[in-house]
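Undergrad: If you scroll down you'll find the structure; I have some questions about it.
The values are calculated or read from the model by the stated rules, or taken from the named source; none is laboratory data. As the structure is a prediction and not an experimental result, all values here were calculated from the model. FYI the Cβ positions are ideal-geometry reconstructions off the backbone, even for glycines, and counts take in every protein chain you see.
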Amino acid sequence: MIGKKLLEQTCEAVKQLYGQEIKPGTIGLEITKKEIAGDFTIVVFPLLKISHKSPEATANDIGNFLKASIPEISEFNVIKGFLNIVLYDGFWLDFLQENCLRSDFGILEPRKEAPIVLEYSSPNTNKPLHLGHIRNNLLGFSLSEILKANGHNVVKVNLVNDRGIHICKSMLAYMKWGNGETPVSSGIKGDHLIGRYYVLFDSEYKTEIKQLVDQGLTEELAAKQAPLILEAQEVLRKWEARDPEIYQLWETMNNWAYEGFDLTYRRLGVDFNKIYYESGTYLLGKELVMEGLASGALLKKEDGSIWADLRDEGLDEKLLLRADGTSVYMTQDLGTAQLRYDEFRPSDMIYVVGNEQNYHFDVLKKVLGKLGKEFAGHISHLSYGMVELPMGKMKSREGTVVDADDLMDEMYLTAETTTRELGKANELSGDEAFALFNTIGLGALKYFILKVDPKKNMLFDPKESIDFNGNTGPFIQYTYARIRSLLSRAQAAGFAPGGTDIPPGTSLEPLEKETIRRLFLFSGAVIQAGSEMNPAVIANYVYDLAKGYNQFYQELPVLKEDNPAKLMIRLTITEFVGRTIQTAMTLLGIGVPARM
RNA sequence: GGCUCCGUAGUUCAAUGGAUAGAACGGAAGUUUCCUAAACUUUAAAUGCAGGUUCGAUUCCUGCCGGGGCUACCA
């Protein structure tokens, strides 16, 4: 509001003073830096060409104009080309009183418009979820919350890769060496049990390759001719032909995986509105490919395989259907996209997928475009960086994968140990303690992942583990718990935050005003996080808010303040900060405890 | 090789082209008869190299050096 007014009036000032129309976008409006007197700063350097005056003179011109036209402005100062504007404390008090009790502060009303379909998670059924999936799931869930807070209607979808050569490998290994083992008989979580057979396949396969190489074959040839891989391919063909025995085993093993995934998802706190299965979409993909072939958009090679030629668009040729008629990853993604479009008529389709698949999504969009799908232009890819370990990339075959379930177990244990060491679990019941350790442990993990810009690779050191002090989830949770504690004391003493008792004309102390200014910035952070598809914006915002409040809390008495007006202002700020921390953490998918 | 992303304190992360490059951890020194010390305060410490555009560059452009990813009839 005030920001918009400042920009508009600055444009008006330029028009009246210098006789030239400019767009608001050409002016830089910022929050004044902490060390400098002021609330908002307008950078006038870009206007010098129009004003033909020095930076100082230009800033003074505009400052005088704004002060005359905007009643909220009490004064201004100029440092070089920076026009620092100071608002009356009354402006900040009004803002505080109007918003402190709103549960929807910073959140936009849902709009009635076509939904955004957001795909995330996308597991393979041949192995359990790991740290990379955790980043994916946390980003996807948080992004959905952020988009909703921006007024969008969001449909969260999961696409399970339940078919393909990878699951056939697990199945083959199970048929050969499984001896009828089940999650119940072994006591192993279903997804982990399947993962074992995938690993087993891989090691046996490697052994075969080595033998063939010893017999004189090249590595490449050996990998193609090893009996196990040929058998796995045969399993895939049988599966596509709906061979009853194979099909039944496939259903059984996939259900093991789903049971395992459900537990992991529930614990992580993520969910979906709809789950797609690749087995249910790849046939539609095949149809689309055949249509594309008929229309001449695609081409068939001599061996019968079908391709998209994207060479004139800067990419290469892309296989869409193998010579034996079986489909590939791209085939089903074409079908899935079409299915989603038909089902939801979305305004946009967002895919949360690692940056190693950037090329895949370039190709997907181009192929859909070639097939004449206008929704191809509404596909966007939230491409996130990899999670690296100190040793480098995670490799399932080398056993350096950080398992999602194990990691959550460790976080829980660390939370428990730390809390007990601090003596803060003594008065809790068993259920309360369990809930608290989960909240803290997961909060630490989630914040650790989400505070990093999604686009960037990030490092995770399992040995160093995740800290609970400093710029962390528990730090923010702790700030919240102290606020809740203070608020319940206030209630007991008969004080109700809300600011009705604040006399007009009350002045604010620097720490009070600074905290209110931080609260003021929340709406902008929500909008920025949404438009950039970046939860880290919210994470960094809420850390800054909590950090600032801790200083406020340390330096200023609230309930022990003698002056009733000051007491009310500080209590109201406390209430407002507590609500905003909770809202922001909800956008990240992180819970906050009433005490810790 | 081609395409692409990334190089910021010892370490992990910030910084719509704007003021003196912010935090946290680790290091050094402090704060508790006071609303929860998982906190707060003080302090040392960084933009890979060389050019260019600009009033102004960590940010944009070029080259170099270093690292990741893709370049599959895997997903």
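Undergrad: Read through the list (1) within 30 Å of A:Thr580 (Cα to Cα); (2) surrounded by 17 or more Cβ atoms within 10 Å (Cβ to Cβ); (3) within 12 Å of RNA strand B (Cβ to nearest atom), then give the number of the only condition that A:Phe82 fails.
TA: With respect to (1) within 30 Å of A:Thr580 (Cα to Cα); (2) surrounded by 17 or more Cβ atoms within 10 Å (Cβ to Cβ); (3) within 12 Å of RNA strand B (Cβ to nearest atom), A:Phe82 is out only on (1).
Undergrad: Looking at (1) over 29 Å from A:Asn136 (Cα atoms); (2) away from RNA strand B (no atom under 14 Å from the Cβ); (3) without any contact (Cβ under 8 Å) to a residue 40 or more places away in the chain; (4) out of contact with any strand residue (DSSP E or B) (no Cβ under 8 Å at 6 or more places or on another chain), find the lone condition where A:Asp262 falls short.
TA: (1)
Undergrad: Go through the stretch A:486-518 and give me each residue that's farther than 18 Å from A:Ala546 by Cβ, of a type in the set (A, V, I, L, M, F, W, C) and touching a residue at least 40 places away in the same chain (Cβ under 8 Å).
TA: Once the filter is applied, which keeps residues that are farther than 18 Å from A:Ala546 by Cβ, of a type in the set (A, V, I, L, M, F, W, C) and touching a residue at least 40 places away in the same chain (Cβ under 8 Å), the stretch A:486-518 yields A:Ala490, A:Ala493, A:Phe495, A:Ile502, A:Leu508.
Undergrad: May I pose another question? Is there a residue in the stretch A:550-570 that is over 25 Å from the mean Cα position of the chain (by Cα), at pLDDT 95 or above and closer than 11 Å to A:Tyr480 by Cα?
TA: Looking for residues that are over 25 Å from the mean Cα position of the chain (by Cα), at pLDDT 95 or above and closer than 11 Å to A:Tyr480 by Cα, one finds at least one in the stretch A:550-570, hence yes.
Undergrad: For the stretch A:145-238, which helices (runs of 4 or more DSSP H) that fit wholly inside it have 3 or more residues that are of a type in the set (S, T, N, Q)?
TA: Details: elements: A:165-177, A:183-186, A:190-214, A:219-225.
Because the criterion is at least 3 residues that are of a type in the set (S, T, N, Q), the helices (runs of 4 or more DSSP H) in the stretch A:145-238 that meet it are A:190-214.
Undergrad: Let me ask something else. Please go through (1) surrounded by 15 or more Cβ atoms within 10 Å (Cβ to Cβ); (2) more than 8 Å from RNA strand B (Cβ to nearest atom); (3) of a type in the set (Asp, Glu) for A:Asp562 and return the number of the only condition it doesn't satisfy.
TA: (1)
Undergrad: Could you give me the residue pairs with C-beta distances under 6 Å whose first residue belongs to the stretch A:121-142 and is free of Cβ contacts under 8 Å to residues at least 60 places away in the same chain, whose second residue is within 12 Å of RNA strand B (Cβ to nearest atom) wherever it lies, and which are 6+ apart or on separate chains?
TA: From residues that are free of Cβ contacts under 8 Å to residues at least 60 places away in the same chain, the pairs are A:Asn124/A:Asn161; A:Asn124/A:His166.
Undergrad: Keeping to the stretch A:204-229, report how many residues are within 40 Å of the chain's Cα centre (by Cα) and surrounded by 12 or more Cβ atoms within 10 Å (Cβ to Cβ). It would help to see each step written out before you state the result.
TA: To start, the set of residues in the stretch A:204-229 that are within 40 Å of the chain's Cα centre (by Cα) comprises A:204-206, A:220, A:223-224, A:228-229.
Then keep just the ones that are surrounded by 12 or more Cβ atoms within 10 Å (Cβ to Cβ); that gives A:204-206, A:223-224, A:228-229.
Of the residues in that region, 7 qualify.
Undergrad: Please determine, by comparing only the residues of the stretch A:258-299 that are aromatic (Phe, Trp, Tyr) and either in contact with a Phe, Trp or Tyr (Cβ under 7 Å, 6 or more places away or on another chain) or assigned to a helix (DSSP H, G or I) (or both), which one is surrounded by the fewest Cβ atoms within 10 Å (Cβ to Cβ). Give the derivation first.
TA: Of all residues in the stretch A:258-299, those aromatic (Phe, Trp, Tyr) come to A:258, A:261, A:265, A:272, A:276-277, A:282.
Narrowing the set further to residues that are either in contact with a Phe, Trp or Tyr (Cβ under 7 Å, 6 or more places away or on another chain) or assigned to a helix (DSSP H, G or I) (or both) leaves A:258, A:261, A:265, A:282.
On the way: A:Tyr258: 17, A:Phe261: 23, A:Tyr265: 19, A:Tyr282: 23.
Looking at the filtered set, the residue picked out is A:Tyr258.
Undergrad: Restricting to the stretch A:124-144, what's the tally of residues that are within 14 Å of A:Leu445 (Cβ to Cβ) and in a loop (DSSP other than H, G, I, E, B)?
TA: Selection size over the stretch A:124-144: 1.
Undergrad: Taking the condition closer than 14 Å to A:Glu119 by Cβ and near RNA strand B (Cβ under 9 Å from one of its atoms), does A:Gly354 pass?
TA: Values: closer than 14 Å to A:Glu119 by Cβ: yes; near RNA strand B (Cβ under 9 Å from one of its atoms): yes.
In short, yes.
Undergrad: Provide a single number: the residues in the stretch A:485-506 that are closer than 12 Å to A:Asp94 by Cα and surrounded by 13 or more Cβ atoms within 10 Å (Cβ to Cβ).
TA: Residues of the stretch A:485-506 that are closer than 12 Å to A:Asp94 by Cα, as a first pass: A:498-500, A:502-506.
If we keep only those that are surrounded by 13 or more Cβ atoms within 10 Å (Cβ to Cβ) too, we end up with A:498-499, A:502, A:506.
Going through the stretch A:485-506 one residue at a time, the tally reaches 4.
Undergrad: Right, A:Thr506: closer than 18 Å to A:Ile538 by Cβ and over 20 Å from the mean Cα position of the chain (by Cα) or not? Quick ask: steps written out before the conclusion?
TA: Values: closer than 18 Å to A:Ile538 by Cβ: no; over 20 Å from the mean Cα position of the chain (by Cα): yes.
Taking the combined requirement at face value, the residue does not satisfy it.
Undergrad: Looking only at the stretch A:405-458, filter to residues that are of a type in the set (Gly, Ala, Ser) and modelled with pLDDT of 95 or more; which one of those is surrounded by the fewest Cβ atoms within 10 Å (Cβ to Cβ)?
TA: Here is the first cut: in the stretch A:405-458, the ones of a type in the set (Gly, Ala, Ser) are A:415, A:423, A:425, A:429-430, A:433, A:435, A:441, A:443-444.
From the residues that got through so far, the ones that are modelled with pLDDT of 95 or more too are A:415, A:433, A:435, A:441, A:443-444.
Working: A:Ala415: 26, A:Ala433: 18, A:Ala435: 14, A:Gly441: 26, A:Gly443: 28, A:Ala444: 24.
Looking at residues that are of a type in the set (Gly, Ala, Ser) and modelled with pLDDT of 95 or more, I get A:Ala435.
Undergrad: Applying the selection to the stretch A:572-596, what residues are away from RNA strand B (no atom under 15 Å from the Cβ) and either in contact with a strand residue (DSSP E or B) (Cβ under 7 Å, 6 or more places away or on another chain) or charged (D, E, K, R) (or both)?
TA: Residue satisfying the conditions is A:Arg579 alone.
Undergrad: With A:Lys395, A:Lys451 as the choices, which residue is within 12 Å of RNA strand B (Cβ to nearest atom) and not assigned by TED's automatic domain parsing to the domain that holds A:Ile466?
TA: The conditions single out A:Lys395.
Undergrad: Hey, another quick one. Say whether the condition of being within 11 Å of RNA strand B (Cβ to nearest atom) and under 28 Å from A:Ile440 (Cα atoms) is met by at least one residue in the stretch A:491-510. Spell out the reasoning first.
TA: First pass over the stretch A:491-510, keeping only residues within 11 Å of RNA strand B (Cβ to nearest atom): A:492-493, A:495.
From what's left, under 28 Å from A:Ile440 (Cα atoms): A:492.
Checked against the condition, which is being within 11 Å of RNA strand B (Cβ to nearest atom) and under 28 Å from A:Ile440 (Cα atoms), the stretch A:491-510 yields at least one hit.
Undergrad: Scan the stretch A:326-346 and give yes if some residue there is more than 9 Å from RNA strand B (Cβ to nearest atom), of a type in the set (Gly, Ala, Ser) and not in a helix (DSSP H, G or I), otherwise no.
TA: no
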